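Q: This structure is in structure tokens; I'll ask about it shortly.
The values are calculated or read from the model by the stated rules, or taken from the named source; none is laboratory data. In this text the structure is predicted, and so the values were computed from the model without any measurement. Backbone-built Cβ (ideal geometry, glycine too); neighbour counts: all protein chains shown.
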Amino acid sequence: MNEIKNEILLEIEEEETGDKKPMSLKGCSQACVDNQYACHFRECEHWISYGEDNNCVLVSIHKHGQLTFRQIGERLGVSFVRIKQIEKAALQKIRSKNTLQILED
């Protein structure tokens with residue numbers, strides 16, 4: 001699905017500009033930025049419901065750099081406290097996997 005999306009957006013860009021540009025973002029994200037187009041491919045793993053950033057996580061990071069928990073929560077539609085909880089759980093998982101690997105070695 002992403003390959004089809006990339007091809008479609010690159011065709012749109014070529015038709016509008018007449019050339020291919022080197023892209024600093026993933027192909028589809030760069031095309032959305034260049035054409036001021038909010039992505040509608042909800043199946044994409046980078047899609048978020050946040051039109052200001054073209055509905056794309058990659059565009060959001062490209063535009064703003066590192067995001068605070070509040071900014072992430074705003075883009076995902078959850079509280080910053082929930083984002084902090086998710087981060088804490090992820091870090092615990094990483095630590096426990098690292099501990100298991102150390103014990104196995």
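Q: Given the structure, is Phe80 closer than 26 Å to Lys26 by Cα and of a type in the set (Phe, Trp, Tyr)?
A: When the stated conditions are applied, Phe80 does not pass them.
Q: Another question about this same structure. Just checking, which of Leu25, Leu9 is surrounded by 10 or more Cβ atoms within 10 Å (Cβ to Cβ), touching a Cys at 6+ places or on another chain (Cβ under 6 Å) and modelled with pLDDT under 80?
A: Just one listed residue meets the conditions, Leu9.
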